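Comments concern the structure below.
We did not get these values from a lab; they are worked out from the coordinates using the rules stated. From a predicted model like this one, the values you see are computed outputs, not experimental measurements. Glycine gets a Cβ as well: all are built from the backbone with ideal geometry, and neighbour counts include every protein chain shown.
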Amino acid sequence: MIQVTEKAAEQIKKIMDKEGLRDHGLRVAVVGGGCSGMSYKLQFEKTPSADDKVYEQGGVRIIIDKKSSIVLNGTTLDFSDGLNGTGFTFSNPNAKSTCGCGTSFSA
């Protein structure tokens, strides 16, 4: 399971409202790619698969596939809007190394 900070949940709900997707959930996944081997992927999805783990946090339905849940367990999803950039950030205790841009990792 991942933790979604209050700030990230608010930003997710804002985007969902703007896009008319309040009946969707946020799929959080790990895919191959990036300079460190694995990358995070976020997308809105209405209907989860039967094998997905689904739960709600901060008023947002979170959807994670079985394979990604192993690598994402204990991860915190946050949102930063500071001077150094705006966007969602991941703090993953399972990541052995990350790239300089922070969007890919190895586990």
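Observations on the model:
- In this structure, the residue pairs whose Cα-Cα separation is over 23 Å, taken from LYS18/LYS53; LYS14/LYS67; LYS14/LYS66; LYS46/LYS67; LYS14/LYS46, are LYS18/LYS53; LYS14/LYS67; LYS14/LYS66.
- Taking other C-beta atoms within 10 Å as the exposure proxy, LEU21, LEU26, LEU42, LEU77 rank LEU42, LEU21, LEU26, LEU77 from fewest upward.
- Each Lys or Arg adds one and each Asp or Glu subtracts one; over the other residues with Cβ under 15 Å from the Cβ of ARG22, this totals -1.
- Neighbour counting of Cβ atoms within 10 Å sorts the residues THR86, THR75, THR5, fewest neighbours leading, into THR86, THR5, THR75.
- Residue exposure proxy: GLU45, GLU6, ordered by other Cβ atoms within 10 angstrom of their Cβ from fewest to most, comes out as GLU6, GLU45.
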